[in-house]
Amino acid sequence: MSLGSVYQHKLAEKLMILNDRGKGVLIRIYNIKKTCAETKTKPPFFTEKSMESSIKYINKKFPNIDVRSSTQHLGPVHKEKSEIVKCLNGYYISFLDVMEFRDHVYELLNTIDACQCYFDININYSFTKSYLDLVVTYFSVIMLMSRIEDRKSLIALYNCASEMLQGHSDPTYARLAQMFLEYDNPLRKLSEEFGPHTKAVTDALMSLHFLFCRRTQPADQWRGAQLLSLLSNPASMIDPSNSDTTLIHKTQSNTSIIYQSPVGFLLSHSVLNTVNACVDLWKLALQGSLCITLIRDDFLFIHRVAEEFFGSLKGYGKRVADVKECKEHFMTQSGQFHRARRAFLRSSVKELEAILSDEPGLLGPKALFAFMALSFCRDEINWLVRHAENITKTKTPEDYIDVHIAELIFYMEQLLARVRMHLPVIQRYHIQYLAQFDALLLSDVIQNMTVCPEEESIIMSSFVSSLSALSVKQVDNKETFDFHALRLDWSRLQAYTSVSKAPLSLRDNPDLGRVMNLILFHSWMLDSVEDILMETADLSIFCFHVRTFEKMFLMTLEEPSALRYSIAFPMVCSHFSNSTHEMCPEEYPHLKNCGLGLCNNFLDEISKNTSICVLDICAEQYNLSEKLLPKHCAATISKARNKRLKKPPPKRAEPEREKPGTESQRRDRSITTNMDKQHLTLCELSMALNHIRSIRVFEHVVTPAEYLSSHLEHRFGKALVNMVNFNPTTQEIQRPSEVLHGMRSYLCTLQSLGHLVNIDVMRIIRTTLLQQTQPADATGEQTMTALYTNWYLECLLRRAGAGFIIYSPARKVFIDLSTEISGERSLNAEEYSDLSEMKALAELIGPYGMKFLSENLMWHVTSQVVEIKKLVIENMDILVQIRSNFSNAELMSPLLAKLMSPDSLLKRMTIIGVILSFRTLAQEGLREVFSHHCPFIMSPIEFLKDLVNPDVDIQVTLSIFELATAAGVPCDVDPSLVAALSSIKTDSSSLEEDYKVACLLQVFLAVSLPLLASDSMSFYSIENDGYNNNSHCLAKAIIQISAAFFTIYSKNIETHLKEFLLMASGSLLHLGQETDKLKARNRESILLLLHLIVEESSFLTVDMLESCFPYVLLRNAFHEVHRAFTTVSSA
């Protein structure tokens, strides 16, 4: 065959195109198989009951289906023919692509045989590899196609629908159907097809023998040869990595060799009975793997397939025995063999990565070591993934479970990052190598060739000139390199020089092949490093073995020493984009969702474990700090006191409590505590999250630290709520001061987290604490604000309103009445309502939380005011008469007797007073906290509030008072109360009517006060500065409600309060004329209420009181109350 005809055949170009096309066709067929395998995704016609009979008929008559005479069976098809054609068109075209691909492969293989091409992986590497890749790809396409169960139904149904639409059968259907029939037994048909190509396939495979033996060496041989070690020979550390064979195939995956050998010998099996060397290579391949991958997660169980195939052939009994022997060898030896290799690679790659990170300049001469390491690691991981799912019965299951696989993946990712980071180093080295060594070496080889035709000489001379023109400045100037043309020319030249009787035979000039292979590798180092990394380190196999991937991840989380490498799993998800192919765009969304889903799950789980560990440490620190609370020192003080007084210890002494700090006393450092283990776990997980700032998965950028921030926010919020320890059944809750103490211990621990993980801890703390100031957090759960607001309103204040708890103005605290008086279980109200607890509450729930508490308090006040207004309206006529005839004693008595529900009025006003008294306490606590945190703001607010005078516009005044109230500063008029009372104005009533009701409310209150004297609980307690029925809270209720009402109606507050004081004084003076001792038994105590009202109000003075009520009566009342209290106390 002349050289001109060889040029015309374009063998190299066809091999490249068909290999790329074959990969696309294979992926499309895989996608069809996966789609049809699941009920949810297969075409809808195959799941409809109406189409069931038609599909059965089509399968039965395949391939010859007479559409015109089968209308009875194909009726449903006729109804949906347009939809069927539209839906199945893509499937049909994909099968046509398979047929077209097969035709081109046939043609090319026959042409190669006709040219009697020479194959040797060590000499014409690209040509041989492309040929073997095409054989394996073609084999995979046919085998995968034959595994699609509905393949015949798909094309036959499409053809029937198409014929119904167009009136004639599809012209390609007959050939396509015939192809399906031929490949019912695909392996037998393929072996027949490859019979004529046995010599070419065998020659190509046998050239792999030396390479295969080297790639299947055990770990001991690797260790003995110090494989991948840069320190084994320090003197040659900077020498370039040269080899007697070629540098290129060192970087190739062992997986491709494993596929090529058994597949090639299955197709060309006749040599197994004639050539012993072929048998040896074939047996080596069978001993290394139980299953080989057709594509992704579709496997070929090579031993079973080979045993069945050779069992069906005559004269292959010995080969069947060889297959069984190889399978037995695999089951007993291979697991341990690969386990040892993975252990060796973990230590070797770790060492290599450490050296290259310390001395990145070594990546120039030793770049090959990095690619070899990546290739070896990838091979071992792929082997484990393939067999972890498919080895079910084995005596050594531990060989297929590797808890340290994350470490190997982690160092692969480290090595990948190192190569990408120092790409300029690699380029600078290899551009000089190409220009100053490879060009000269190639020139010498060309000159030493005995025969060199003109055309080949021109091509090779162009290689030399192209390489000689390279310069380091191109790297410095960041020029883009492109050697695809040079590599394509070399591929063509390999094809030209590998045919029989070529003027320049590559077989006779092996040095040329080796030098060009070296140049090929060096050119890759300039323009195709990413392609080499993808080829040697791609782990996208995990995208199709999700269950195995997740199992490995869970095992890593359970192994403490492997936690720091757990970040490798989400990093691997960035490889999944390598699985996409332009011929199958429809699977892109699935691959993207899979990659993002797994990455999200892995980071979520790592962050979850980290946050759990952090919160466990916080909880432990909380327990330690809780021991330091003052309440725990009582036992110690009591014991010390008894010891000083020399009292004998009780017979049943309590167990000795450990003093705080004893946990830090350690005699043996080898004893690890729970805290030690938690800190170690936290450090390991922190290293994982800190390893990489962001991960790119398809077009999405994922930030690991944000996952931890999210988890910490959620769990810290839950921990704070749990600290409150609210029990709905018993209504028990933790004191705010104790919760604040615990929260501060949490904050101290969380702030130290910033030293371990690169996250904004203060932002997490601020966000979480801010959420706790709202009634619900970001997830809709209850917060501390909601719990404490609910408890104070529904528990403490409700009991106070019922008379079981009293407010003590002297002590500024709510106090439980004794069980004998109240008849209820004590709530220990003083422990929750003193000023220190209010300050702690303000610290916990912040100004927003205090505002929410205040709003809820105001809501309860308004609900009481609504009922009070009803009482006033009910008694309106009588109250109007009382107001106009107040000075007429004769008319007053019958009018007062006609009043309805005055006790209810006093009760409701007392409840309002209790609520407002609690609010005053809360505001005082807020003021203390605000003054501590923002002293520079508090002074201007107080100054602004002092500037308010009656001449200032009421809206401006309320705005200033609202600002002051937010800081906890008390005001003459409560803006929150004004806003709350304004909201209950009814549309049916006018402003004048509401004003009238407010005035009559004062009258109602004034004339109802004497009724308090008959209550036995209205005795004034000097100790508490109040009454046991909280009547003293009436003063605050009357003053603040009146001020709010008359502010709303724009009336003079002082004038109306004077009127109230006058009427109240008169009503109480009438108590002196009361003859019924029961009605006047606490008269002196009730008289003091006038003094409390004046003290409470900034609008009233003692002079005003004295003008309408003799001060001597107040003085006498004080003396009498003091005498009576002393008598009761001494009794």
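The values are calculated or read from the model by the stated rules, or taken from the named source; none is laboratory data. Bear in mind the structure is a predicted one, so any value in this text is a computation, not a measurement. Backbone-built Cβ (ideal geometry, glycine too); neighbour counts: all protein chains shown. These accessible areas exclude ligands, DNA and RNA; they are computed on the full protein's heavy atoms, side chains included. Shrake-Rupley method; radii C 1.70, N 1.55, O 1.52, S 1.80 Å.
Residues that are among the aliphatic types (A, V, I, L, M) and open to solvent by 30 Å² or more (accessible area, probe 1.4 Å) occur in the stretch 984-991; there is at least one.
Candidates are the residues of the stretch 443-478 that are of a type in the set (D, E) and either over 52 Å from the mean Cα position of the chain (by Cα) or surrounded by 12 or more Cβ atoms within 10 Å (Cβ to Cβ) (or both); the one that is farthest from H522 (Cα to Cα) is E454. In the stretch 914-940, of all residues being touching a residue at least 60 places away in the same chain (Cβ under 8 Å) and among the hydroxyl-bearing types (S, T, Y), the one that is surrounded by the fewest Cβ atoms within 10 Å (Cβ to Cβ) corresponds to T920. Look at the stretch 1047-1071: where a residue is in contact (Cβ under 8 Å) with a residue 40 or more places away in the chain and at positive phi, no partner that is open to solvent by less than 20 Å² (accessible area, probe 1.4 Å) and not in a helix (DSSP H, G or I) sits 6+ places away or on another chain with Cβ atoms under 9 Å. Yes or no: L1001 among the aliphatic types (A, V, I, L, M), closer than 29 Å to L857 by Cα, at pLDDT 90 or above and in contact with a Gly (Cβ under 7 Å, 6 or more places away or on another chain)? In short, no. Could you grab me the full set of residues in the stretch 950-964 that are closer than 14 Å to N1052 by Cα and open to solvent by less than 80 Å² (accessible area, probe 1.4 Å)? Passing the criteria: V952, I954.
When every residue of the stretch 913-926 is checked against the conditions, at least one turns out to be within 45 Å of the chain's Cα centre (by Cα) and among the charged types (D, E, K, R).
Given the criteria out of contact with any Leu (no Cβ under 7 Å at 6 or more places or on another chain) and open to solvent by 70 Å² or more (accessible area, probe 1.4 Å), does E855 qualify?
Working: out of contact with any Leu (no Cβ under 7 Å at 6 or more places or on another chain): yes; open to solvent by 70 Å² or more (accessible area, probe 1.4 Å): yes.
It is true that E855 is out of contact with any Leu (no Cβ under 7 Å at 6 or more places or on another chain) and open to solvent by 70 Å² or more (accessible area, probe 1.4 Å).
Within the stretch 1025-1038, being in contact with a Phe, Trp or Tyr (Cβ under 8 Å, 6 or more places away or on another chain) and either open to solvent by less than 20 Å² (accessible area, probe 1.4 Å) or in a helix (DSSP H, G or I) (or both) holds for G1026, Y1027, N1030, H1032, C1033, I1038. Confirm whether L787 is hydrophobic (A, V, I, L, M, F, W, C), surrounded by fewer than 18 Cβ atoms within 10 Å (Cβ to Cβ) and within 18 Å of V721 (Cα to Cα). No; evaluated as a whole, the condition is false for this residue.
Every residue, every condition in (1) surrounded by 14 or more Cβ atoms within 10 Å (Cβ to Cβ); (2) on the phi < 0 side of the Ramachandran plot; (3) basic (K, R), yes or no:
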{"residue": "V263", "(1), (2), (3)": "yes, yes, no"}
{"residue": "L272", "(1), (2), (3)": "yes, yes, no"}
{"residue": "A277", "(1), (2), (3)": "no, yes, no"}
{"residue": "T293", "(1), (2), (3)": "yes, yes, no"}
{"residue": "R296", "(1), (2), (3)": "yes, no, yes"}
{"residue": "A306", "(1), (2), (3)": "yes, yes, no"}
{"residue": "S312", "(1), (2), (3)": "no, yes, no"}
{"residue": "Y316", "(1), (2), (3)": "yes, yes, no"}
{"residue": "Q336", "(1), (2), (3)": "yes, yes, no"}
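Taking the condition surrounded by 19 or more Cβ atoms within 10 Å (Cβ to Cβ) and not small (G, A, S), does F943 pass? Spelling it out, it is not the case that F943 is surrounded by 19 or more Cβ atoms within 10 Å (Cβ to Cβ) and not small (G, A, S).
For the stretch 727-784, taking the residues that are of a type in the set (K, R) and within 26 Å of the chain's Cα centre (by Cα), the one that is most open to solvent (accessible area, probe 1.4 Å) is identified as R766.
Contact map, the stretch 299-316: residues that are part of a helix (DSSP H, G or I) paired with residues that are of a type in the set (K, R), Cβ distance under 6 Å, separation 6+ or inter-chain. Pairs shown: H303/K327; F310/R319. All conditions in (1) open to solvent by 10 Å² or more (accessible area, probe 1.4 Å); (2) touching a residue at least 24 places away in the same chain (Cβ under 8 Å); (3) over 30 Å from M51 (Cβ atoms); (4) out of contact with any His (no Cβ under 6 Å at 6 or more places or on another chain) hold for T111, with the sole exception of (4).
If you go through the stretch 277-300, how many residues are aromatic (F, W, Y) and over 23 Å from K23 (Cβ atoms)?
The qualifying residues number 1.
When R346 is tested against (1) out of contact with any helix residue (DSSP H, G or I) (no Cβ under 7 Å at 6 or more places or on another chain); (2) of a type in the set (K, R); (3) more than 30 Å from L187 (Cα to Cα), exactly one condition is not met: (1). Report whether or not T672 is within 30 Å of K551 (Cβ to Cβ), outside any helix (DSSP H, G or I) and at pLDDT 75 or above. Considered against the rule, which asks whether it is within 30 Å of K551 (Cβ to Cβ), outside any helix (DSSP H, G or I) and at pLDDT 75 or above, T672 comes out as yes.
Residues in the stretch 1043-1101 that are in contact with a strand residue (DSSP E or B) (Cβ under 9 Å, 6 or more places away or on another chain), open to solvent by 10 Å² or more (accessible area, probe 1.4 Å) and either of a type in the set (K, R) or at pLDDT below 90 (or both): N1082, E1084.
Suppose we filter I821, I815 for residues that are modelled with pLDDT of 90 or more, of a type in the set (A, V, I, L, M), more than 27 Å from P847 (Cβ to Cβ) and open to solvent by 10 Å² or more (accessible area, probe 1.4 Å); which single one remains?
Values: I821 fails: modelled with pLDDT of 90 or more.
The match here is I815.
Would you check which residues across the stretch 399-439 are in a helix (DSSP H, G or I), open to solvent by 40 Å² or more (accessible area, probe 1.4 Å) and more than 21 Å from I238 (Cα to Cα) and list them? A417, the sole residue that qualifies.
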